[in-house]
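Data first, discussion second: the structure below is written as structure tokens.
The values are calculated or read from the model by the stated rules, or taken from the named source; none is laboratory data. A quick note: this is a predicted structure, and the numbers were derived from the prediction, not measured. When we count neighbours, we look across all protein chains shown, and the Cβ atoms used for this are built from the backbone with ideal geometry, even at glycine. Only protein heavy atoms, including side chains, enter the accessible area calculation; ligands, DNA and RNA are left aside. Shrake-Rupley method; radii C 1.70, N 1.55, O 1.52, S 1.80 Å.
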Amino acid sequence: MMVVVTYDVEVTSDSGKKRLRHVAKVCENYGIRVQNSVFELVVDPAQYVSIKAQLEKIIDKEQDSIRFYRLGSKWDTKIEHMGKEPRITQYDPIIL
């Protein structure tokens, strides 16, 4: 299923900057960044539960927020794009 993750992490403190990096790293492990604080993740239900648990441990619930948009398995018909294309998509091969 496709999950869009958006986040807003307070970065006026050093601890906030550290949380921001950790949130981005978790999201990078599962998907691609499509905007500064927006990731598209193609995951199975178990991975989705794991991601949420990891992110919940990182954020400060009094200052930060994360939103999850579950688009399901037929997500490619639900996304429209304007402007500059992302560098890679969910279907592009990645060669290391």
message = Please go through segment 1-32 and give me each residue that is more than 16 Å from VAL49 (Cα to Cα) and crowded, with 19+ Cβ neighbours inside 10 Å, ordered by number.
response = TYR7, VAL9, ARG19, LEU20
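Looking at segment 35-63 only, could you name the residues that are of a type in the set (Val, Ile, Thr), in contact (Cβ under 8 Å) with a residue 12 or more places away in the chain and either in contact with a Phe, Trp or Tyr (Cβ under 9 Å, 6 or more places away or on another chain) or surrounded by fewer than 16 Cβ atoms within 10 Å (Cβ to Cβ) (or both)?
Across segment 35-63, the qualifying residues are VAL38, VAL42, VAL43, ILE51, ILE59.
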message = Taking the conditions exactly as written (under 11 Å from MET2 (Cα atoms), open to solvent by 70 Å² or more (accessible area, probe 1.4 Å), in contact with a strand residue (DSSP E or B) (Cβ under 9 Å, 6 or more places away or on another chain) and of a type outside the set (A, V, I, L, M)), does ARG70 satisfy them or not?
response = yes
